[in-house]
């Protein structure tokens, strides 16, 4: 009888485990989620995810915390993500720098193609060639003429080595045959502050981080970096229209998680992000900042990242950007 009872108990225990497994799998998320933004507060990447975070928290039923970890063109923050437990509770934001970093840095702290996996491409952001009011130019052609007359004299700011501002400006300088001085900062916010204060004279600024300064004329926008004009600043020409044919460079933001993260968690994060981005007031707020929601599937974002790695590998070689 004792053996029979033990057998029944064991069978019941096994059945409970089997039945509990799906419940446990469906429990995600069961605690707060941390989104690591690998840039300082105030830049476009930070602004967009701070807009999204409260709505993501409502949809997921858990607190969503933004954790800024700036430095080394996003590699410091994303290295933290890559080395975090693959459970869906640490999510990283990647952007244009992610595609360029493996070609720029001699040694990466993680493998961009293996250690992180895609969740979704969230948004794209247009950059604006912006000057301080003290600089006597009000067009791209005038900027090019001034820079050519004073080679290696005009300086420009960026969110750091390998950032979108850095890559876009270097591509512009290369295509326009200019020599400019690079002044890297620790994030888009500090880069914008530097040009507002007159420490730098040129910045390929993201619209979210600079549009308020355009309205107060503390900064002067010259042209947008995208292939077509921005709905947020329709009066501005594209850089290609304004004097550099074929030029294009856009910022983008997506979500990545450590390799090995359960597909159920990845799908939940993707679906929650897509749902949050469809909320009218959120879409309107982001659009007025010059950003646009995209929301691809994990599979589509995977293909996008692979293309970015290939494209920026070619551009970095052409321009000659290197960081030890």
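Looking at 265, 249, just one residue is surrounded by 16 or more Cβ atoms within 10 Å (Cβ to Cβ), under 27 Å from residue 80 (Cα atoms) and either within 19 Å of the chain's Cα centre (by Cα) or modelled with pLDDT of 95 or more (or both), and that residue is 265. Considering only segment 307-324, I want to know if a residue exists there that is modelled with pLDDT of 95 or more and either assigned to a helix (DSSP H, G or I) or farther than 30 Å from residue 80 by Cβ (or both). For segment 307-324, residues modelled with pLDDT of 95 or more and either assigned to a helix (DSSP H, G or I) or farther than 30 Å from residue 80 by Cβ (or both): absent.
The values are calculated or read from the model by the stated rules, or taken from the named source; none is laboratory data. What you see is a predicted model; the values in this text were computed from it and never measured. Every residue, glycine among them, receives a Cβ derived from its backbone with ideal geometry; neighbour counts consider all protein chains shown.
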